[in-house]
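Bear in mind that the values in this text are calculations on the coordinates, not laboratory data. As the structure is a computational prediction, the values presented were derived from the model and not from experiment. Every residue, glycine as well, gets a Cβ built from its backbone with ideal geometry; the counts of neighbours run over all protein chains shown.
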Amino acid sequence: MGLFAKKDLIGLDIGSSSIKAVELDWGKKTPRLKHFGMIPLPPEAIVDGAFMDSASIVESIRSLIEGLRIKTKKVAVSISGHSVYIKSINVPTMSETQLEESIKWEAEQQIPFDIEDVSLDFQILDEQMSPEQMPVLLVAAKKDMINDYTAVIEEAGLQPTIVDVDVFAIENAYNLSFESPEDEVVALVNIGASVMNINILKGGTSAFTRDIAIGGRQITEEIQKRLKLTYEEAESLKIRERDAGTQSAEVERIIRGTAEQLASEVRRSLEFFAASSSGVEIKKIFLSGGCAKIQILPGLIEERISIPVEVFNPFTKIDYNPDIFDPEYIKQVAPLAAVGVGLALRRERD
């Protein structure tokens with residue numbers, strides 16, 4: 001989770017509304033943006049995390065990579081949603097090698113899936129509970145979902161090399177951009193088209209995660225239904241609600257209704273974390289994903305939760321050539337690029 005290495009990868013974020021690709025150049029000490037691009041997916045290509053139209057996804061990946069003229073074949077991709085389970089557990093103190101041998105048994109006691117249906121990973125956390133116990137971050141993902149992602153990548157002519165989780169990819173991007181004091185607690189909230197990912201970090205390390213099946217697509221579909229528009233027209237109005245002309249008031253009412261739901265889910269998750277972590281104060285919320293571009297949402301979340309909200313820019317510590325990448329464009333797409341940047345930071349280890 002977030003370790004740099006030597007061989008470059010494409011960070012490929014396959015979201016339910018679009019695919020984003022990021023490649024970084026590591027020729028200097030500071031990573032430099034080599035390629036970035038995004039391509040929309042048909043509205044029903046991915047529904048509730050399930051691939052409904054794999055052919056469209058494959059064609060979109062292929063078109064994006066060819067359009068950007070990316071030569072790298074190896075890909076880091078990430079997953080999220082109800083097929084992924086993340087939990088911090090305490091286990092008897094042991095070596096990493098011993099834990100590798102016993103993690104399947106430990107996971108079997110914790111995860112709500114059949115152990116044979118999942119792939120497992122873990123990370124030993126730095127914060128020691130006691131000499132006899134150590135905290136471990138356990139991650140389980142259904143093999144069917146992993147296979148769906150790796151299959152479309154391979155069919156597009158690429159090589160899936162790393163499968164990560166969305167919340168950890170964003171954590172990578174955050175930790176490149178910010179140095180976190182040991183006791184600082186922040187919340188990374190990524191709201192995409194159909195899933196909201198919440199990752200609360202303490203000292204730059206994940207302390208709580210949650211995925212919620214709610215996102216910007218619900219707003220788009222409500223605008224589409226009420227104003228009798230195409231999906232594309234409704235999506236455009238959602239992002240630019242203040243330029244919606246005579247429809248502006250109605251569009252803002254629709255957006256505010258769903259934005260209230262999003263803010264309530266964020267508040268509920270943060271309150272749950274605070275209740276189980278006495279004395280912990282969340283300093284700031286960093287908002288990313290397509291919904292971060294909805295003009296009223298950051299302010300609404302800040303108002304409802306009374307915690308400062310900042311729209312996250314994962315390019316803060318990444319150089320780029322302004323003759324190739326227009327700075328205004330980078331600013332506009334930054335919230336959408338958090339997962340892709342985090343994946344591109346992974347890179348393959350020898």
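Packing-wise, with mean Cβ within 10 Å as the measure, how do 272-280, 72-80, 305-313 rank, highest first?
Details: 272-280: 12.2, 72-80: 21.7, 305-313: 17.2.
Packing proxy ranking, top to bottom: 72-80, 305-313, 272-280.
Quote the FRET efficiency, to the nearest 0.05, computed for S56 versus R240 with a Förster distance R0 of 35 Å and r equal to the Cβ-Cβ distance.
Values: r = 26 Å, r/R0 = 0.74.
So the FRET efficiency works out to roughly 0.85.
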* Output ³J(HN,Hα) for segment 278-294: one whole-Hz value per residue in order, computed from phi by the Karplus curve 6.51 cos²θ - 1.76 cosθ + 1.60 with θ = phi - 60°, and x for Gly and Pro. => 4, x, 8, 10, 7, 7, 7, 10, 9, 9, 9, x, x, 5, 5, 8, 6
* Put one equal scatterer on each alpha carbon of segment 280-336, apply the Debye formula with no solvent term, and list log10 I(q)/I(0) at q = 0.12, 0.14, 0.17, 0.18 1/Å to two decimals. => -0.35, -0.45, -0.61, -0.67
* Structure fact -> Applying the gyration tensor rule to the Cα atoms of segment 153-272 (axes a ≥ b ≥ c; rounded if a/c under 1.5, else prolate if a/b exceeds b/c, else oblate), the class is oblate
* Determine ³J(HN,Hα), in whole Hz, for all residues of segment 95-107 in sequence, where each value follows from phi through the Karplus function 6.51 cos²θ - 1.76 cosθ + 1.60 and θ = phi - 60°; x replaces Gly and Pro. => 6, 4, 4, 5, 5, 4, 6, 9, 4, 5, 5, 4, 5
* Hey, quick one: spin label on D183, modelled 7 Å out along Cα-Cβ, who in segment 267-283 has an amide N within reach, i.e. under 17 Å? -> 277-283
* Inter-probe distance in nm under a simple model that places probes 7 Å from Cα toward Cβ, at S276 and E328 -> 4.6
* With labels modelled as points extended 7 Å from the Cα through the Cβ direction, what inter-label distance (nm, one decimal) is found for E303 paired with T97? -> 5.9
* Asked: Can you run phi through the Karplus equation (6.51, -1.76, 1.60; θ = phi - 60°) for segment 249-265 and list ³J(HN,Hα) in whole Hz, with x for Gly and Pro?
  -> 4, 5, 4, 5, 4, 5, 4, 4, x, 6, 4, 4, 4, 4, 4, 5, 5
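Just to verify a number: FRET efficiency for V47 and E132, C-beta to C-beta distance, R0 = 56 Å, to 0.05?
On the way: r = 46 Å, r/R0 = 0.82.
For V47 and E132, the calculated efficiency is 0.75.
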* Asked: Just from its helices, what would the mean residue ellipticity at 222 nm be for the chain, if runs of 4 or more DSSP H residues each count -39500 (n - 2.57) and the sum is divided by every residue, rounded to the nearest 500 deg cm²/dmol?
  -> -11500 deg cm²/dmol
* Structure fact -> Two pseudo-spin positions, 7 Å from Cα along C-beta at E221 and at K143, lie apart in nanometres by 3.2
* Asked: When ranked by the protection proxy of mean other Cβ atoms within 10 Å per residue, highest first, what sequence do the peptides 60-66, 131-137 form?
  -> 60-66, 131-137
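At 0.890 mPa s and 25 °C, plugging the Kirkwood radius over alpha-carbon pairs of segment 253-350 into Stokes-Einstein gives what diffusion coefficient in µm²/s?
Working: Rh = 15.5 Å.
Approximately 159 µm²/s, per Stokes-Einstein.
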* Förster radius 30 Å - calculated FRET efficiency between V311 and I115 (Cβ-Cβ, nearest 0.05) -> 0.15
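Considering Cα pairs under 8 angstrom that are at least six residues apart, work out the relative contact order of the chain and quote it in whole percent. If you can, show how the numbers build up before the last one.
Numbers: 666 pairs, mean separation 81.6, N = 350.
Reported as a whole number, the value is 23 percent.
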* To do: Label segment 4-157 by shape, choosing from rounded, prolate and oblate, from the square roots a ≥ b ≥ c of the eigenvalues of the Cα gyration tensor; if a/c is under 1.5 it is rounded, and otherwise prolate applies when a/b is larger than b/c, oblate when it is not.
  => oblate
* Mind scanning K202/K283; K74/K293; K238/K317; K34/K317; K34/K142; K34/K202 and naming the pairs with a C-alpha gap bigger than 21 Å? => K74/K293; K238/K317; K34/K142; K34/K202
